[in-house]
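Visitor: Input: one structure, supplied below.
Bear in mind these aren't lab numbers, they're just calculated from the coordinates by the rules spelled out. This is a predicted model, so every value here is computed, not measured. When we count neighbours, we look across all protein chains shown, and the Cβ atoms used for this are built from the backbone with ideal geometry, even at glycine.
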Ligand SMILES: [Zn+2]
């Protein structure tokens, strides 16, 4: 049918006064594997041989085509065959042997044209020429190229994804942005190839969550698509093949067992932030009921429990699992299995899960870099001691790990110890009263599941916090003064004196409102032990450069300007915080303050904004930010600002932001 249609079209063209049937050079048709192939530069006959654009060879015959600009040579590789032709050169090589050509490749209309019969036959295809229809028919007898295997490996600086192919193939790669349906991804499109691997493989390495493969017709061309689904956009990936020069040099780096003479397309994605630690493996000691997790560094981990069914989760942050995920059967104290997997990548989290028949005692300790899970044996807490000055000691039969949670209203610090039992006189829980300037009382209690002990220190110092560290026989807890103690903080109430700032409908001024807020904030900070300086008194208006210069002159640790906003559109409302990059920590300060403002005020979050044009944030040499707490031009915001309780919240928000800022130096 196809042949008939072609003949009809040609006849119709002839009847309509089109090109004569046999004479025109441009009317040679090309049929490859049964499909009529259209080319931008049409096939031509030169000295009795048909030349076609080399693109046809890669796209239609599925061969790999390389072009070397310097030597003006084309390399065509398919399966085991390798053909090298030079433009204008009458000698080509086939698998290294020289062969004389009647008609060498030529460049016509900017396209490299190659003799189709010679190339096709060298690649094992058969070629027929029909002089009446002026048609070249190429039929591939070699097997279609295929995607034969997928592999990946984690290197110190990159993750490498290996697409094993049936031989050298023609392919394209591209990075695609996320859409509603798909994440960011890298696409490897292998021309003319079949997929011989499972459609979806979970990966979890180097920011790649999974690899998907499928076959697709695009633009009339059959392709094998290999898609790396990413957790983040990637622009700096590198692609090479094992059959190109660079690839051959790099082949030695590849796992020999994997490649073993196979050809592959390799995509390398650099690591964003190399993980601090590697999990090397797990070992189950049946006799002692211990699971030993081997790590190559001091990994940070969190332990928690999940219910339905009850299980224990240990997440190792910034840790890569070496090797595939897996599990070990346990059979000790009601624990049935331990599972381990790379739970998240970039940032890397390796997760270990303990499955059990029901709630069971356990504890987790550290020995060197290794982390040990003790099945069926919770740590036993036998004593609690607190000495004035903030040092508390928890006595136990082994080192304890705890997480510390700061709570407000009333001010408390909770020390949560997983896998521990209160014993002896402590069993059943209780409260011990202290009266020193840091701690009022200590409450100790066993959780309902019986696996967790919580120590709650109620604080006398509203700014105090705690750190906990394991010791050989238990845990050491240090209650420390507020992170604000001893800090020098400059507060800059906006405007003042002759400059009222924004003036509200009933004459209230931004200058007086921000002065009230700043004064309250100064009280709070001083109560927490900070030294606070204001840039102005109630009715002064220092120059906008004098204010940051003052902060620099007193050697402040932080500087915060307080303003209220206005916009000609009264619908605009909410909280914003500005910063500049003069000090690298300014953005962190702005983010912490902004988060507390939004949490306390519940108004629209205008976010943190980079602003190099405000001297108030550009000139200070220390971390600084400028708060635009609410809009005086918005009726809802203004009603809030007029409420003293809300102004108290604004002061508290900045206080808490500074508190958190200095907690992590
Ligand atoms: Zn202002």
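Visitor: Kindly state, to the nearest 0.05, the FRET efficiency for residue 642 paired with residue 544, given R0 = 25 Å and r defined as their beta-carbon distance. Could you put the intermediate results ahead of the total?
Guide: Numbers: r = 27 Å, r/R0 = 1.07.
FRET efficiency, residue 642 to residue 544: 0.40.
Visitor: Roughly how tilted is helix 644-663, in degrees to the nearest 10 and between 0 and 90, from the longest Cα axis of the chain?
Guide: 70 degrees
Visitor: Helix 2-15 versus the longest principal axis of the chain: what is the Cα-based angle in degrees, 0 to 90, to the nearest 10?
Guide: 70 degrees
Visitor: Report, in whole Å, the centroid distance computed from the Cα atoms of segment 641-665 and segment 432-470.
Guide: So the two Cα centres are separated by 25 Å.
Visitor: Something else about it: Distance in nm between label sites at residue 176 and residue 200, each 7 Å beyond Cα in the beta-carbon direction?
Guide: Going by the 7 Å Cα→Cβ label model, 1.5 nm.
Visitor: Is the C-alpha gyration tensor of segment 31-170 telling us rounded, prolate or oblate? Criteria: a/c under 1.5 is rounded; beyond that, a/b larger than b/c is prolate, otherwise oblate. Write down the numbers at each step before the final one.
Guide: On the way: a/c = 2.13, a/b = 1.64, b/c = 1.30.
Judged from the Cα gyration tensor, segment 31-170 comes out prolate (a/c at least 1.5, a/b above b/c).
Visitor: As a test of the definition: which semi-axes, in Å, follow for segment 101-154 when you take the square root of five times each eigenvalue of its alpha carbon gyration tensor? Largest first, please.
Guide: Values: eigenvalues 195, 65, 21 Å².
So the three semi-axes of segment 101-154 are 31, 18, 10 Å.
Visitor: Report the dimensions of segment 403-501 along its three principal axes from the alpha-carbon atoms, largest first, rounded to Å.
Guide: On the principal axes, segment 403-501 reaches 70, 27, 26 Å in Cα extent.
Visitor: Moving on to the next point. Counting alpha carbon pairs within less than 8 Å and at least 6 residues apart, what relative contact order, in whole percent, applies to the chain?
Guide: Reported as a whole number, the value is 6 percent.
Visitor: How many percent of Cα pairs in segment 146-237 exceed 23 Å?
Guide: Result: 21 percent of Cα pairs exceed 23 Å.
Visitor: In Å and on Cα atoms, what radius of gyration and Dmax does segment 170-218 show?
Guide: Just the Cα atoms of segment 170-218 yield Rg and Dmax of 11.7, 30 Å.
Visitor: What is the helix-to-structure angle for 510-527, meaning the angle in degrees between its Cα long axis and the longest Cα principal axis of the chain, kept from 0 to 90 and rounded to the nearest 10?
Guide: Long axis of 510-527 versus the principal axis of the chain: about 70 degrees.
Visitor: If R0 is 51 Å, what FRET efficiency do you get for residue 327 and residue 101 from their C-beta distance, rounded to 0.05?
Guide: So the FRET efficiency works out to roughly 0.25.
Visitor: Give me the percent of DSSP beta bridges within the chain that run antiparallel, rounded to the nearest 5.
Guide: For the chain, the DSSP antiparallel bridge percentage is about 85.
Visitor: Right, here's the next one. Mean residue ellipticity at 222 nm from the helices of the chain, using -39,500 (n - 2.57) per DSSP H segment of n ≥ 4 over the full residue count, to the nearest 500 deg cm²/dmol? Don't skip to the end; give the middle numbers.
Guide: Working: 11 runs with 111 residues, N = 665.
Using -39500 (n - 2.57) per qualifying helix, the result is -5000 deg cm²/dmol.
Visitor: Something else: Between residue 581 and residue 531, what FRET efficiency follows from the Cβ-Cβ distance if R0 is 22 Å, with the result rounded to 0.05? Spell out each step's value before the answer.
Guide: Numbers: r = 26 Å, r/R0 = 1.19.
Calculated value: 0.25.
Visitor: Another question, if that's okay. Name the shape class, rounded, prolate or oblate, that the alpha-carbon gyration tensor gives for segment 519-665, where a ≥ b ≥ c are the square roots of its eigenvalues, rounded holds for a/c under 1.5, and otherwise prolate holds if a/b is larger than b/c and oblate otherwise.
Guide: rounded
Visitor: Right, next: Which distance in nm do the two modelled labels at residue 69 and residue 387 give, with both placed 7 Å along the Cα-to-Cβ direction?
Guide: Taking the two extended label points, one gets 7.5 nm.
Visitor: Apply the a/c threshold of 1.5 to the C-alpha gyration tensor of the chain and tell me whether it is rounded, prolate or oblate.
Guide: Oblate shape, in that a/c is at least 1.5 and b/c is the bigger or equal ratio.
Visitor: Once you keep just the Cα pairs under 8 angstrom separated by 6 or more residues, what percentage relative contact order results for segment 488-663?
Guide: Worked out over segment 488-663, it gives 27 percent.
Visitor: What does DSSP give for segment 28-140 in terms of the percent of beta bridges that are antiparallel, rounded to the nearest 5?
Guide: Details: 35 of 39 bridges.
Expressed as a percentage, antiparallel bridges in segment 28-140 total about 90.
Visitor: Averaged over all directions, how much area does the convex hull of the C-alpha atoms of segment 277-374 cover when projected, in nm²?
Guide: Numbers: hull surface 22.7 nm².
The number I arrive at for segment 277-374 is 5.7 nm².
Visitor: Right, here's the next one. In what order do 203, 312, 593 fall by count of nearby beta-carbon atoms within 10 Å, going from fewest to most?
Guide: 203, 312, 593
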